[in-house]
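J.: One structure coming up, written as structure tokens, with questions to follow.
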Amino acid sequence: MSFIDADKRKFFNEVREKSGQPIDLCYQCQKCASGCIATGFADYYPNEIIRLVQLGQKERVLNSSSIWICSSCEMCGARCPNGINTAEVMDALKEMAIAAGTVKEKNVLLFHNTFLSSVRAFGRVHEASMMGLYKLKSGDLMSDMDFGMDMLKKGKLPLLPHRIKARGKIKDIFNKTAH
Amino acid sequence: MRLSYYPGCSLKATAKEYDMSARDACKGLGIELVELDDWVCCGATCAHSTNHMLSIALPSQNVALAQRAGMDLAIPCAACYSRVKKADYVLRNDDVMRQKVEDIVDFKYNASVNVHSLVEVVGQLGEKAIAEKVQKPLKGLKVVCYYGCLMVRPPQVTCFDNTEHPMFLDNIVKALGAEPIQWSYKTECCGASLSLTSKDVVHGMVGRIIDAAKEVEAMAIVTACPLCQSNLEMRQAKGTDLPAFYFTELIGLALGLPATKKWSNLHLVNPNPLLQSLSLAD
């Protein structure tokens, strides 16, 4: 791709390198959008995200909800005639949006962070405390109480976490991969 | 057959009936599962959405443990399978990443262990071998098999029979005497990773799947993923009462295993009335 604007070129190159995907090959056949389950709930189709990246539209892409509502089901990539794994592009864009501080779907990121904190602490995710903490931090306290109580009664939410032996090693992996 | 077994975090909590039924069903089919000692969380969607290197390094620790145990790895959870399989794929095919991951996780990858979904392990026994073990055929039970996204995609990593129209779950269900109905939502995603954060979105995604299942007059959905199972039962419209079974629960029922009632009682949508109406449960 060629650009007059250096910033646009930089953004395009960064997304291509970070995702490892041949995004310059997209010719807008929209096969990805046809199979995407998230299109009705997000602001851009997957092919629009790719087009915006091709045009160096950093702000619009990194501020979009689509990159977060993408559930990484990988239908788009499996059907792309040009071998673009769009879910990998979406993941690269999420990381870039976090770095730029432009995360549109804040609760989605809050959930990811709460989940990973639990893994970092115990080596496994402790669902009961992770969900409780997420609800507390997001302010969404009351929803799903019926399901929570039902699961507690059925013994499906053990209150104490299992701590793995190799917790030191897991902390090490987190530290070595930290941005 | 003896395999390392990686249950994953959900099977120790919200999906414990999957863990119990997987162990019992495999035992009944002559597959010995040995739980991987000190396994670690695969990182799930949360790791790959926020930190690519972590998302490969974390499951690689499980590959390292499986390598030490010296047996192929069977994973019942589709999400865990997807992440561990992806890590193994990267370690196997990307020299630059392999070196980095080996440094981070402090092990030497030798490609000696294969990562399998538990469905794949059971499916490879063959319909005939499964059918021979059946004591109580699941006669009259009409189901749709729901593969979801993570088990079959991306195709170059998972290598299942057919990404768009997989049949391995249907074949198992058929061998058990039930009737798998063909439908077009086999591999659509249910949005489980957004189930806590974006409920409206997920109600929409689950609604479409449930409607499609009802359209072909399915009595239940069969899954091989703890996130799909709980999401489909939790986020279907109130009053729908369409149960979602783990495929291992159906194996347990057909093999006449004693603990099946215990598993059914743990569901959010009670499957007992359906099973009783077909004389498949007391």
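J.: Among the trypsin sites (Lys or Arg not before Pro) in the stretch A:95-179, which ones are in a DSSP loop with at most 13 other Cβ atoms within 10 Å of the Cβ? Mind listing them?
T.: Values: sites: A:LYS104, A:LYS106, A:ARG120, A:ARG124, A:LYS135, A:LYS137, A:LYS153, A:LYS154, A:LYS156, A:ARG163, A:LYS165, A:ARG167, A:LYS169, A:LYS171, A:LYS176; in loops: A:LYS104, A:ARG124, A:LYS154, A:LYS156, A:ARG163, A:LYS165.
Loop-located and lightly packed - A:ARG163, A:LYS165.
J.: Would you compute, from DSSP H runs of 4+ residues alone, the mean residue ellipticity of the protein assembly as shown at 222 nm, taking -39500 (n - 2.57) per run and dividing by the full residue count, rounded to the nearest 500? Walk me through the numbers on the way to the answer.
T.: Values: 25 runs with 241 residues, N = 461.
Mean residue ellipticity at 222 nm (helix-derived): -15000 deg cm²/dmol.
J.: Going by a 4.7 Å Cβ-Cβ cut-off, which cysteines of chain A have no partner at all?
T.: Lacking a cysteine Cβ partner under 4.7 Å: A:CYS26, A:CYS29, A:CYS36, A:CYS70, A:CYS80.
J.: For the stretch A:6-100, what log10 I(q)/I(0) values come out of the Debye formula at q = 0.20, 0.24 1/Å, with one point per alpha carbon and no solvent?
T.: So the normalised log intensities work out to -0.89, -1.34.
J.: Something else: May I have the convex hull volume per residue, in Å³, for the Cα set of the stretch B:127-277? Show your work: numbers first, answer last.
T.: Working: hull volume 16.6 nm³, N = 151.
About 110 Å³ per residue, rounded to a whole number.
J.: Across peptide B:198-204, how many C-beta atoms of other chains are within 10 Å of each residue C-beta, on average? Walk me through the numbers on the way to the answer.
T.: Numbers: counts 10, 3, 1, 9, 2, 0, 4.
Per-residue shielding by partner chains comes out at 4.
J.: Right, something else. Separation between the B:ASP95 and A:LEU55 pseudo-spin-labels, each 7 Å from Cα along Cα→Cβ, expressed in nm?
T.: Output for this residue pair reads 4.1 nm.
J.: If you don't mind, another one. Just grab the label-to-label distance for B:GLN276 and B:GLU127, each label 7 Å out from Cα along the Cβ direction, in nm (one decimal).
T.: 3.3
J.: For A:145-154, what's the mean count of beta carbons from other chains sitting within 10 Å of each residue's beta carbon?
T.: Numbers: counts 0, 2, 6, 0, 0, 4, 7, 0, 0, 7.
Mean inter-chain Cβ contacts per residue within 10 Å come to 3.
J.: While we're on this one: Rounded to the nearest 10 degrees, what's the angle between the helix B:95-105 long axis and the longest principal axis of chain B, both from Cα atoms, 0 to 90?
T.: 90
J.: Of the accessible area of chain B, with the probe set at 1.4 angstrom, what percent is carbon plus sulfur? Display every interim value, and only then the final one.
T.: On the way: 4830 of 9950 Å².
Summing carbon and sulfur atoms, their accessible area is 49 percent of the total for chain B.
J.: What are the radius of gyration and Dmax of the stretch A:77-140, computed over its Cα atoms and given in Å?
T.: 15.1, 44
J.: Further, regarding this structure: If one takes the accessible area of chain B alone plus chain A alone and subtracts that of the pair, with a 1.4 Å probe, what total in Å², rounded to the nearest 100, results?
T.: Counting both chains, the buried surface is close to 5200 Å².
J.: Hey, can you list the residues from the stretch B:1-24 whose accessible area shrinks by 10 Å² or more with all protein chains present, relative to the chain by itself (probe 1.4 Å, no ligands or nucleic acids)?
T.: When all protein chains are present, B:CYS9, B:SER10, B:LYS12, B:ALA13, B:THR14, B:LYS16 each give up 10 Å² or more of accessible surface.
J.: Rounded to two decimals, what is Rg over Rh for chain B when you use alpha-carbon atoms and the Kirkwood radius?
T.: Details: Rg = 18.4 Å, Rh = 19.1 Å.
That ratio is 0.96, to two decimals.
J.: Separate question: So if a site counts as exposed when it's one of the GluC sites (Glu not before Pro), its DSSP state isn't H, G, I, E or B, and it has at most 15 other Cβ atoms within 10 Å, what's the longest stretch of chain B without one? Before the final figure, lay out the partial values.
T.: On the way: sites that count: B:GLU164, B:GLU217.
With a cap of 15 other Cβ atoms within 10 Å, the longest stretch comes to B:1-163.
J.: Shifting gears a bit: Helix B:52-69 versus the longest principal axis of chain B: what is the Cα-based angle in degrees, 0 to 90, to the nearest 10?
T.: 90
J.: How far is helix A:127-138 tilted, in degrees, relative to the longest principal axis of the Cα atoms in chain A, given as a value from 0 to 90 rounded to the nearest 10?
T.: 60
J.: Additional query: Take every residue in peptide A:172-179, count the Cβ atoms of other chains within 10 Å of its Cβ, and give the average of those counts.
T.: On the way: counts 4, 12, 6, 1, 8, 13, 3, 4.
Per residue, the average neighbour count from other chains is 6.
J.: For chain B, which span is the longest to avoid every loop-located (per DSSP) member of trypsin sites (Lys or Arg not before Pro) having at most 15 other Cβ atoms inside 10 Å?
T.: Working: sites that count: B:LYS108, B:LYS139, B:LYS238.
Here the longest segment lacking exposed loop sites spans B:1-107.
J.: With an 8 Å cut-off on Cα pairs and a minimum separation of 6 or more residues, tell me the relative contact order of the stretch B:185-244 in percent.
T.: After rounding, I find 37 percent.
J.: Still on this structure: At 1.4 Å probe size, with every protein chain present, just tell me what the per residue accessible area of the protein assembly as shown comes to in Å².
T.: Working: 18720 Å² over 461 residues.
Ligands and nucleic acids excluded, the figure is 41 Å² per residue.
The values are calculated or read from the model by the stated rules, or taken from the named source; none is laboratory data. All values derive from a computational prediction rather than experimental measurement. Reconstructed Cβ throughout: ideal geometry from the backbone, glycine too, with neighbour counts over all protein chains shown. SASA here: full protein model, heavy atoms, side chains in, ligands and nucleic acids out. Shrake-Rupley method; radii C 1.70, N 1.55, O 1.52, S 1.80 Å.
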